[in-house]
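Below is one structure, written out as structure tokens, with a few remarks after it.
The values are calculated or read from the model by the stated rules, or taken from the named source; none is laboratory data. Since the structure is predicted, the reported quantities are computational estimates derived from the model, not experimental observations. Counting neighbours? That spans all protein chains shown, and the Cβs are built from the backbone with ideal geometry, glycine included. Heavy atoms of the whole protein, side chains included, go into the accessibility calculation; ligands, DNA and RNA do not. Shrake-Rupley method; radii C 1.70, N 1.55, O 1.52, S 1.80 Å.
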Amino acid sequence: MKPEFIRNFSIIAHIDHGKSTLADQLLLKSGAIDERTYQAQILDDLDVERERGITVKARAVAIKYPYKGQIYQLNFIDTPGHVDFHYEVSRSLAACEGALLVVDAFQGVQAQTVANAYAAIEAGLEIIPVINKIDLPVTRIEEVCEEIENVIGLDASNALRVSAKAGIGIEDCIEAIIQRIPAPKGLPDAQLRALVFDSKYDDYRGVVTYIRVVDGTIRKKDRIRFMRGATVHEVIELGQFCPFMETVEELGPGQAGYLITGVKVLGNIHVGDTVTLQGNPASEPLPGYKQPKQMVFCGMYPIDATDFEKLRFELDKMLLNDASFSFAPETSDALGFGFRCGFLGMLHMEIIQQRLEKEADVDLIQTAPNVTYQLLKRTGELVTIDNPAEVPDSGSIDEFREPIARVTFILPTASMGTIMQLCSDRRGEYKSTEFLGRDRAQLVYEMPLAEIIYDMHDKLKSITRGYGTMDYEVVGFKAADLVKLDILVKGNLVEALATIVHRQSAERRGRALVKKLKEEIPRHQFEVPIQAAIGSRVIARETIQALRKNVTAKCYGGDISRKRKLLQKQKEGKKRMKQFGEVEIPQKAFLSVLEAG
Ligand code: GTP
């Protein structure tokens with residue numbers, strides 16, 4: 001297909017403003033799917049996505065649309081909205097010439113609207129503002145257009161007005177895409193350069209690699225080379241998602257699709273790599289992507305030690321489908337062999353953990369998450385640590401540094417005072433305020449990442465009754481008075497429960513944590529003291545009283561089958577627990593750290 005009849009674009013928006021619903025409508029109106037196969041958010045096909053109603057993975061789909069006597073091919077990428085998945089968005093943008101910026105007609109410009117729009121502007125894309133949900137009983141269309149102009153600096157005079165849910169204005173939207181978004185450049189006869197923008201593992205067919213052709217043409221049976229991976233393969237299958245997989249004979253400049261080489265070895269294919277022809281290779285690879293920095297880490301251990309290798313394979317598979325996560329083997333005295341995993345944020349961590357348990361069927365113990373820290377040692381050496389267990393004794397540390405993020409809030413002016421108080425309680429440094437209209441403002445703070453990621457979003461939502469949104473990015477590291485808070489359970493140090501906290505809040509956090517642990521750890525047949533300590537100094541203590549629990553005591557007489565059932569139930573209850581000395585600690589206890597703010 002000639003590049004002049006191709007358009008590549010992303011759909012970007014703040015969470016829940018209707019990207020996936022608009023994507024559904026584009027599929028429906030172009031005839032790619034019919035009313036019968038239509039199901040809401042058809043592209044969100046991961047279990048976790050359907051359960052939570054959010055997009056986690058970007059999807060690339062090709063649709064055909066007749067316009068002025070020509071058939072156009074529109075390739076679009078539906079992207080996630082949540083801040084944790086920003087990396088998915090920036091990768092998608094690199095594969096496009098334009099973007100639809102979807103903005104809710106009532107909620108208006110929100111934190112991720114701004115972040116995603118800036119990313120698209122930076123990538124040099126043509127942006128079409130789309131005001132969605134015009135069917136809502138109350139809308140603020142004119143004000144929302146003003147916000148787009150004032151906050152983002154885009155001309156909103158020709159913003160489209162649609163209702164993705166009711167199917168209003170969709171044809172206009174498609175025509176605007178054809179008219180306003182530039183066609184891809186690139187020559188069909190040039191040396192092949194195709195960007196690997198995603199991949200996934202299929203149990204039957206091996207690795208499926210998603211590519212966008214920039215120059216040249218790729219054909220079935222071609223011998224191709226991954227320039228970075230330096231491996232050579234034959235293209236067994238080439239195709240596009242329309243939205244289901246459909247094979248094609250070739251893909252030319254500007255086209256996006258997938259290729260299958262039959263490779264089953266994980267680790268050979270890298271997102272951001274360039275595909276070229278073995279026989280006529282390009283001299284330079286495409287620029288690729290900036291590696292994302294994982295900021296949240298936790299340990300993941302199989303409950304059943306024999307699942308270790310299985311977990312490694314599943315993590316490799318996950319890495320193929322999600323290049324923004326990382327893992328490395330680690331051992332813990334109490335938990336045995338497992339992996340230290342890195343994530344872009346808390347939601348990302350939750351999603352990966354849930355995907356592993358669902359898709360991979362491995363039961364996991366996940367340790368308390370923490371952010372990364374830097375340590376300047378007395379020797380002058382600067383080390384980055386992603387596990388509180390690695391903190392050496394304070395004598396050898398010259399400076400303890402924590403990550404600092406720039407947080408942008410968009411919120412009703414009525415809530416500003418409360419949020420500003422919250423930020424200053426959390427060691428935030430005020431930066432700026434900008435009023436967006438009569439009753440909304442943008443507030444910027446710089447504050448420690450650890451004070452944001454656990455519960456700031458929830459706090460913001462409850463203070464603003466759902467009307468406030470936030471976005472953040474890490475801007476650097478800063479020295480702070482930090483200490484390692486240890487937890488001892490019945491006298492034993494449980495490394496997996498250790499956290500790093502600011503000295504000022506250590507006592508409060510310690511007290512809250514032991515209290516929470518008291519609720520989460522079941523009673524045993526002996527007393528279980530739980531202590532929080534800094535070095536050898538105990539700063540908080542709770543005791544779980546002893547209990548003599550006999551689950552079968554209730555069954556008088558000899559109903560043996562009922563007795564068995566009860567014992568079985570008790571066994572299952574134990575499944576997600578780990579033994580620390582004599583004490584069993586359930587999975588939930590490890591996450592207490594999150595709630596004990
Ligand atoms: P994420 O993928 O999680 O970032 O969300 P999204 O932007 O893809 O939003 P999604 O399409 O999942 O829609 C969010 C909610 O808004 C759903 O409940 C939709 O039914 C609803 N919605 C989407 N478009 C419209 C619309 O035009 N009108 C109305 N009234 N509701 C809409």
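On average, how much accessible surface per residue is there in segment 260-394, in Å², for a 1.4 Å probe, leaving out ligands, DNA and RNA?
Details: 5640 Å² over 135 residues.
I get 42 Å² per residue for segment 260-394.
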Degrees separating the helix 346-360 axis from the principal Cα axis of the chain, which is the longest one: 90
Compute the long axis of helix 111-122 from its Cα atoms, compare it with the longest principal axis of the Cα atoms of the chain, and write down the angle in degrees, 0 to 90, nearest 10. 50
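If packing is taken as the average number of other Cβ atoms within 10 Å across a peptide's residues, how do 353-359, 337-343, 228-234 rank, most packed first? Walk me through the numbers on the way to the answer.
Working: 353-359: 16.7, 337-343: 21.7, 228-234: 14.3.
In decreasing order of mean packing, 353-359, 337-343, 228-234 become 337-343, 353-359, 228-234.
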Using the heavy atoms of the protein chains and a 1.4 angstrom probe, tell me the accessible area per residue for segment 67-133 in square angstrom. 26
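Kirkwood Rh and Cα-based Rg: tell me the resulting Rg over Rh for the chain, rounded to two decimals.
Numbers: Rg = 26.6 Å, Rh = 26.5 Å.
Computed over Cα atoms, the ratio is 1.01.
Determine the relative contact order of segment 403-510: mean sequence separation of Cα pairs under 8 Å and six or more apart, normalised by residue count, in whole percent. Don't skip to the answer; put the middle values down first.
Details: 166 pairs, mean separation 32.7, N = 108.
Relative CO of segment 403-510 lands at 30 percent.
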The set of residues whose placed amide H lies less than 5 Å from the amide H of Leu485, leaving out same-chain residues fewer than 5 positions away, is Thr499, Ile500, Val501
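Counting only protein heavy atoms and a 1.4 Å probe, tell me what percentage of the chain's accessible area is made up of carbon and sulfur. Let's see the in-between values first.
On the way: 12680 of 26480 Å².
Accessible surface attributable to carbon and sulfur in the chain totals 48 percent.
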Let me spell out the model: positive unit charges on the Cβ of Lys and Arg, negative unit charges on the Cβ of Asp and Glu, origin at the Cα centre of the chain. What dipole size does that give, in debye rounded to 20? 1880
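Within 10 Å, count the other beta carbons around each residue, average over each peptide in 378-384, 249-255, 211-217, and list them highest first. Write down the numbers at each step before the final one.
Values: 378-384: 10.1, 249-255: 21.1, 211-217: 22.7.
Top of the packing list down: 211-217, 249-255, 378-384.
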For Phe526, list long-range residues whose amide hydrogen, built 1.01 Å from N in the peptide plane, is under 5 Å from its own amide hydrogen. Leu547
How many nm is it between the label spots at Arg205 and Lys64, if each spot is 7 Å from the Cα in line with the beta carbon? 2.0
Entries of Lys461/Lys516; Lys133/Lys317; Lys68/Lys200; Lys461/Lys490; Lys185/Lys221; Lys290/Lys310 with Cα pairs more than 32 Å apart: Lys133/Lys317; Lys68/Lys200; Lys461/Lys490
Distance in nm between Glu519 and Glu284 label points, each 7 Å along Cα→Cβ, equals 5.8
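For the chain, what does -39500 (n - 2.57) per DSSP helix run (n ≥ 4), summed and divided by total residues, give at 222 nm, in deg cm²/dmol to the nearest 500? Mind dumping the intermediate values first?
On the way: 15 runs with 147 residues, N = 597.
Calculated at 222 nm, the ellipticity per residue is -7000 deg cm²/dmol.
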For segment 97-175, run through the trypsin sites (Lys or Arg not before Pro) and keep only the ones in DSSP coil with at most 15 other Cβ atoms within 10 Å of their Cβ. none
For the chain, take the longest principal axis of its alpha carbons; what is the angle in degrees between that and the long axis of helix 503-520, to the nearest 10 within 0 to 90? 80
Using a simple spin-label model with points 7 Å from Cα along the Cα→Cβ vector, what separation in nm is obtained for Thr384 and Val474? 0.6
Going by amide H atoms built from the backbone, whose H comes under 5 Å of the H on Phe477, apart from near neighbours? Ile404
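Which value, in Å², gives the accessible area per residue of segment 157-253 when a 1.4 Å probe is used on the protein heavy atoms? Don't jump to the answer; show the numbers that get you there.
Working: 4500 Å² over 97 residues.
It amounts to 46 Å² per residue over segment 157-253.
For the peptides 477-490, 2-15, 177-190, what is the packing order when you average, over each peptide's residues, the other Cβ atoms within 10 Å and list the highest mean first?
2-15, 477-490, 177-190
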Provide the per-residue ³J(HN,Hα) series for segment 443-451, in order, calculated from phi with Karplus coefficients 6.51, -1.76, 1.60 and θ = phi - 60°, each as a whole number of Hz, with x at glycine and proline positions. 10, 10, 10, 10, 8, x, 4, 4, 7
Which listed residue (Ile365, Gly395, Gly466) has the Cα farthest towards the positive end of the charge dipole for the chain, taking +1 on Lys and Arg C-beta and -1 on Asp and Glu C-beta about the Cα centre? Ile365
